[in-house]
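Report on one structure; see the data block that follows.
The values are calculated or read from the model by the stated rules, or taken from the named source; none is laboratory data. It should be emphasised that the depicted structure is a prediction, and the values quoted were computed from it without experimental measurement. No Cβ is skipped: glycine too gets one built from the backbone with ideal geometry, and neighbour counts run over all protein chains shown.
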Amino acid sequence: MRVYRHLTPVDLKILDLAAREGLTTREIAVKLGRSEASIRSFWTGILWKLGARRMAHAVYLAIKDGHLKIGGGFPALFDSKEKSIPRGA
């Protein structure tokens, strides 16, 4: 069941880092300068707001419902001006 509660800017940033960079909770905490416990708490809220059971499902629902814009293809591999996969990707 979807709850459709308002996602905060921090919720969206956490979802974006998980989706685009595949970061773990610990890595997201370091990147955002917050504690790992704080990010786990945000994840709990995100899961509840989206009606998801797991983080991967939350990312999927955020993309599907338009909360998170990814674009076509693989967002981490393509720059909007590039047409090919960058070296080392």
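Anything in segment 1-16 that is surrounded by 14 or more Cβ atoms within 10 Å (Cβ to Cβ) and outside any helix (DSSP H, G or I)? List them, or say none. Steps first, answer last, please.
First, pick out the residues of segment 1-16 that are surrounded by 14 or more Cβ atoms within 10 Å (Cβ to Cβ): 7, 10-16.
Across segment 1-16, the qualifying residue is only L7.
One residue stands out in segment 22-43 among those that are part of a helix (DSSP H, G or I) and hydroxyl-bearing (S, T, Y): the one that is farthest from V59 (Cα to Cα), namely S38. The number of residues in segment 30-89 being at pLDDT 90 or above, of a type in the set (D, E) and loosely packed, with under 14 Cβ neighbours inside 10 Å comes to 0.
Residue count for segment 23-55 satisfying the condition of being within 17 Å of I70 (Cβ to Cβ) and either in contact with a His (Cβ under 7 Å, 6 or more places away or on another chain) or touching a residue at least 12 places away in the same chain (Cβ under 8 Å) (or both): 3. Would you mind stating whether A19 is in contact with a Pro (Cβ under 9 Å, 6 or more places away or on another chain) and in a helix (DSSP H, G or I)? Taking the combined requirement at face value, the residue satisfies it.
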